[in-house]
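Below is one structure, written out as structure tokens; the observations come after it.
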Amino acid sequence: MTDITWILLGIIVLAFGGYAMVIRPWLLSKISSEQLTQLTYIAKVAVQAAEQIITIVTGKDKKTFAMEYVKTLLTKLHLTFDDNAISTAIEAQVYEMNKEKEKKEPVGEAQ
């Protein structure tokens, strides 16, 4: 009879390797809708705070403040996002805030 132990061992190693290299990172990269909602809300609060608190400095300084604010809150909530996701959420909130400002400004009074 043929010994199939090595064949079964090879299949098991390939299965675990596939899980470790492909499936696990893919599953971990998926963000739940609740986490995305939390990130969006925190980014909105950070942008509003930067706009209210920091009035003299540049947009870059405001973004730095907002990034640090979001990272601090996410750490407290035990959530992890990469800097690119945080930056994108902040930029999206700045865009929305600017759209709202345009709606409220009467035509002809833009500065």
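When you scan region 2-88 for helices (runs of 4 or more DSSP H) that lie fully inside it, which ones turn up with 2 or more residues that are farther than 30 Å from Glu100 by Cα and modelled with pLDDT under 75? So that I can check it myself, show each step before the final result.
Values: elements: 5-18, 24-29, 33-53, 59-76.
Hits in region 2-88: 5-18, 24-29.
Report the residue count in region 60-72 for those that are in contact (Cβ under 8 Å) with a residue 12 or more places away in the chain and either touching a Phe, Trp or Tyr at 6+ places or on another chain (Cβ under 6 Å) or farther than 17 Å from Thr40 by Cβ (or both).
2
The values are calculated or read from the model by the stated rules, or taken from the named source; none is laboratory data. Just so it is clear, the structure is predicted and the values come from calculations on it, not from any experiment. Because the Cβ atoms are built from the backbone with ideal geometry, glycine has one as well, and the counts that use them run over all protein chains shown.
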